[in-house]
Amino acid sequence: MLSIDPTSISERENYKFLIGSIIPRPIAFVTTLSEDGVLNGAPFSYFNIVSSNPPMISLSIQRSQGEQKDTARNILKNNEFVVHIVDEQNVEEINKTAATLPRNQSEIELTGLTSAESVRISVPGVKEAKVRLECVLEQSLELGGVNSPGCDFIIGRVVQYHIKDDIYENGRIDPRGLAAVSRLAGANYAKIGEIFEIERPK
């Protein structure tokens, strides 16, 4: 078995080891508003649940050569954002939003996605997602070097859920109906595969 000190390899090599090992990763499609009111949208696979009491999620947004991405900048400025679960039906359109655009151009305009007003916050979501979560900023951390942080770690508190009727029944979301996709390494994604059950010990 290989044994490697992460400080002895490059950032790129660390990236490849992590995204190749920690799979599958859920994908959050995040919408935010810029200072000029431009609706920004971008996918992130460094995403997960933090807590259910209160309901909170996390995003880790990597910086590019030390510069904050638009999503992080907008969240830290406005304290609001919407998280959407990426699924088999919307993944192609959402993938288009990963393109690098000027700050004054909306990624949503590159796609067939349509905006949807939020209930509790000012940031719109997109209608095509089967699940979307309106969030407010709970806490943020700059991680990495003191003088040159490598990422912005965002914790958001969910203030409103939106769930498509046809995937919700008796308090549960149908995983097959949601058809969420997950991120692997490179350009690879995964669908929900075989589902099996194991009882937890008493």
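Please determine whether any residue of segment 133-150 is among the acidic types (Asp, Glu), out of contact with any helix residue (DSSP H, G or I) (no Cβ under 8 Å at 6 or more places or on another chain) and over 30 Å from Asn78 (Cα atoms).
Initial filter on segment 133-150 (among the acidic types (Asp, Glu)): 134, 138, 142.
Filter again for out of contact with any helix residue (DSSP H, G or I) (no Cβ under 8 Å at 6 or more places or on another chain), leaving 134, 138, 142.
This time we only want the ones that are over 30 Å from Asn78 (Cα atoms), so: none.
No: segment 133-150 contains no residue that is among the acidic types (Asp, Glu), out of contact with any helix residue (DSSP H, G or I) (no Cβ under 8 Å at 6 or more places or on another chain) and over 30 Å from Asn78 (Cα atoms).
Hey, Lys96 hits all of (1) in contact with a Pro (Cβ under 9 Å, 6 or more places away or on another chain); (2) under 28 Å from Arg176 (Cβ atoms) but one; which does it fall short on?
(1)
Does Gly112 satisfy the criteria of being among the small types (Gly, Ala, Ser), under 26 Å from Asn14 (Cβ atoms) and either over 17 Å from the mean Cα position of the chain (by Cα) or surrounded by fewer than 17 Cβ atoms within 10 Å (Cβ to Cβ) (or both)? Can you show your working first?
Values: among the small types (Gly, Ala, Ser): yes; under 26 Å from Asn14 (Cβ atoms): no; either over 17 Å from the mean Cα position of the chain (by Cα) or surrounded by fewer than 17 Cβ atoms within 10 Å (Cβ to Cβ) (or both): yes.
So Gly112 fails the test.
Going by what's in this entry, would Pro102 be described as loosely packed, with under 12 Cβ neighbours inside 10 Å and either farther than 22 Å from Gln62 by Cα or over 19 Å from the mean Cα position of the chain (by Cα) (or both)? Let's see the steps before the verdict.
Values: loosely packed, with under 12 Cβ neighbours inside 10 Å: yes; either farther than 22 Å from Gln62 by Cα or over 19 Å from the mean Cα position of the chain (by Cα) (or both): yes.
Yes, satisfied.
Name, by its number, the condition in (1) surrounded by fewer than 18 Cβ atoms within 10 Å (Cβ to Cβ); (2) touching a residue at least 40 places away in the same chain (Cβ under 8 Å); (3) of a type in the set (Val, Ile, Thr); (4) farther than 17 Å from Ile75 by Cα that does not hold for Ile167.
(2)
If you check Pro102, Pro43, which single one turns out to be touching a helix residue (DSSP H, G or I) at 6+ places or on another chain (Cβ under 7 Å) and without any contact (Cβ under 8 Å) to a residue 60 or more places away in the chain?
Every option except Pro43 fails the conditions.
Say we look at segment 170-184 and pick out the residues that are in a loop (DSSP other than H, G, I, E, B) and either among the β-branched types (Val, Ile, Thr) or modelled with pLDDT of 95 or more (or both); which of these is surrounded by the most Cβ atoms within 10 Å (Cβ to Cβ)? Spell out the reasoning first.
So in segment 170-184, the residues in a loop (DSSP other than H, G, I, E, B) come out as 170-171, 174, 179, 181, 184.
Those still in the list that are either among the β-branched types (Val, Ile, Thr) or modelled with pLDDT of 95 or more (or both) too: 174, 179, 181, 184.
Details: Asp174: 13, Ala179: 18, Val181: 21, Leu184: 16.
Here the answer is Val181.
The values are calculated or read from the model by the stated rules, or taken from the named source; none is laboratory data. Just so you know, these numbers come straight off a predicted model, no measurement behind them. FYI the Cβ positions are ideal-geometry reconstructions off the backbone, even for glycines, and counts take in every protein chain you see.
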